[in-house]
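Asks: Once you've had a glance at the structure underneath, I'll fire off some questions.
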Amino acid sequence: MKKLRFVVSLIVSENAYQQQQATAAREMAQRLGADIEIIYAGNDAVVQSQQILEILQTPSRRPDGIICHPVGTSLAQVAKLAASVGAGWAVLNREADYIPELRASATAPMFSITVDQYEIGRIQGRQFRALLPDGGLGLYITGPGANPAFKMRSEGMESTKPANIQLRGMTGKLTERSGYDVILQWLSLSTSRTSPIQLVAAQNDNMVMGARKAFLEKATAETRDRWSNLIYTGCDGCPGAGEKWVRDGSMNASVVLPPSAGLAMEMLANALRASEQPPERTLLAPRGLPELEVLAARTRQKAKA
């Protein structure tokens, strides 16, 4: 049996979920007896496109399949090139409306596998309600605006967030450093010292932990009491990162995203060996951490203390 080779293209290395994706891919490659090359785009959509195009255009580097977690758009033109040279293509955590057209004529597997991005946001909105039952003001750090997955998370959050919770949005780059930097920028505003914020949320755990670090470092005698009681919530819930931070109290809540890279590789391998197309789209379900009832109970208990 031919030894398969896969390339996994990920967004950025300084991110717990992307690291989990890489780990899941490596573990699956070992199980399958396949070779694997993992590349990171450094949060740059142009770089990611160029990296994959170079691989596809170099016969000696061309893999049996590419598993891609896009930085920005779902890379339709790159996917078409993959199909034209007979390389499989799996899109992670993104909708890809061009897949049906490619599957109609491609000889290699073409499909997407995504965590339900809208539901991630819906869970966050419900968590906000449980954490601030009387309403309040919060800061909300989103992912890069060019990435439609984060827009879907925002829309989902707005669909369940109570009207009495107001959020001030800012944009990060999925890393802890970017969360730290956007909070430093906000703290430079004269209004930040008196702003009655109660909640700091982000669309991933790394950014919210960077935000937490900024608040703890920059607290003054005037703001220390207020900022020491801020509520922190994020997304990803990775073991050793978000999950650990919720358990140890560094964060109040997260949303657990199952890794998709390992499953995508298994689906690619099975489809290649069977010379068939896998399901066009696979949807994975996120879950809140902790469960909503537990979160609400903790809030009530804290209010009584």
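Asks: Label points 7 Å out from Cα along the Cβ direction at Gln57 and Gln185: separation in nm?
Replies: It works out to 3.3 nm between the two label points.
Asks: Using the Kirkwood radius over C-alpha pairs as Rh, can you work out the diffusion coefficient of segment 148-206 via Stokes-Einstein at 4 °C, viscosity 1.567 mPa s, in µm² per second?
Replies: It diffuses with D of about 100 µm²/s by this estimate.
Asks: Any chance you could run the full-extension gain for Glu293 through Lys213? It's 0.36 nm times the residue separation minus the Cα-Cα distance, nm to one decimal.
Replies: 26.0 nm
Asks: In whole Å, what are the extents of segment 2-67 along the principal axes defined by its C-alpha atoms, from largest to smallest?
Replies: 34, 29, 11
Asks: Could you compute the FRET efficiency for Ser195 and Thr220, with r as their C-beta to C-beta distance and R0 at 22 Å, rounded to 0.05?
Replies: My answer for the efficiency is 0.95.
Asks: Measuring with a 1.4 Å probe in the full set of protein chains, what accessible area per residue, in whole Å², belongs to the chain?
Replies: Per residue, the chain has an accessible area of 44 Å².
Asks: What would the Debye formula give as log10 I(q)/I(0) at q = 0.12 Å⁻¹ for the alpha-carbon point model of segment 1-123, no solvent?
Replies: -0.42
Asks: Please report, in whole Å, how far the alpha carbons of segment 51-92 spread along each principal axis, starting with the longest.
Replies: 27, 16, 15
Asks: May I pose another question? Add -39500 (n - 2.57) for each DSSP H run of 4 or more in the chain, then divide by its residues: what number comes out at 222 nm, to the nearest 500 deg cm²/dmol?
Replies: -13500 deg cm²/dmol
Asks: Taking all protein chains in place and a 1.4 Å probe, what share, in percent, of the accessible surface of the chain do carbon and sulfur account for?
Replies: 50 percent
Asks: How far apart, in nm, are two points set 7 Å out from the Cα along the Cα-to-Cβ line at Thr282 and at Val85?
Replies: 2.5 nm
Asks: Place the peptides 54-60, 92-98 in order of packing, highest mean first, counting for every residue the other Cβ atoms within 10 Å and averaging per peptide.
Replies: 92-98, 54-60
Asks: When you take every Cα atom in segment 237-285, what is the radius of gyration, and what is Dmax, the widest Cα pair distance, in Å?
Replies: Using the Cα atoms of segment 237-285, the pair Rg, Dmax is 16.1, 49 Å.
Asks: Using a 10 Å cut-off on Cβ atoms, rank the peptides 170-176, 190-196 from the highest mean neighbour count down.
Replies: The peptides rank, most packed first, as 170-176, 190-196.
Asks: Then there is this: What span do the alpha-carbon atoms of the chain cover on each of the three principal axes, reported in whole Å from largest to smallest?
Replies: The Cα atoms of the chain stretch 65, 36, 32 Å along their principal axes.
Asks: Work the Kirkwood hydrodynamic radius out for segment 136-234: mean of 1/r over every pair of different alpha-carbon atoms, inverted, in Å.
Replies: 13.6 Å
Asks: Something else: For a Förster distance of 45 Å, can you work out the FRET efficiency between the beta-carbons of Lys151 and Lys2, rounded to the nearest 0.05?
Replies: For Lys151 and Lys2, the calculated efficiency is 0.65.
Asks: Send over the per residue convex hull volume for segment 168-305, Cα only, as a whole number of Å³.
Replies: Looking at segment 168-305, the number lands at 139 Å³ per residue.
Asks: Taking the alpha-carbon set of segment 88-132, what are its Rg and Dmax in Å?
Replies: Calculated on Cα positions, Rg and Dmax stand at 16.1, 52 Å.
Asks: On to the next question. Per residue of segment 37-43, in order, report the coupling 6.51 cos²θ - 1.76 cosθ + 1.60 (Karplus, θ = phi - 60°) as ³J(HN,Hα) in whole Hz, putting x for Gly and Pro.
Replies: My calculation for segment 37-43 gives 10, 10, 10, 10, 8, x, 6 Hz in order.
Asks: Next up: Using R₀ = 45 Å, calculate the FRET efficiency as 1/(1 + (r/R₀)^6) where r is the Cβ-Cβ separation of Asn164 and Val47; round to 0.05.
Replies: In this case the efficiency is close to 0.60.
Asks: If you don't mind, another one. Using Cα positions and a limit of under 16 Å, work out the aspartates and glutamates in reach of Lys173, with same-chain residues fewer than 8 apart set aside.
Replies: Glu14, Asp44, Asp181, Asp205, Asp236
The values are calculated or read from the model by the stated rules, or taken from the named source; none is laboratory data. This one's a predicted model, so the numbers in the text were calculated from it and none came from an experiment. Virtual Cβ from ideal backbone geometry, glycine too; neighbours counted across all protein chains shown. To get the accessible areas, we keep the full protein, side chains included, count just its heavy atoms, and leave off ligands, DNA and RNA. Shrake-Rupley method; radii C 1.70, N 1.55, O 1.52, S 1.80 Å.
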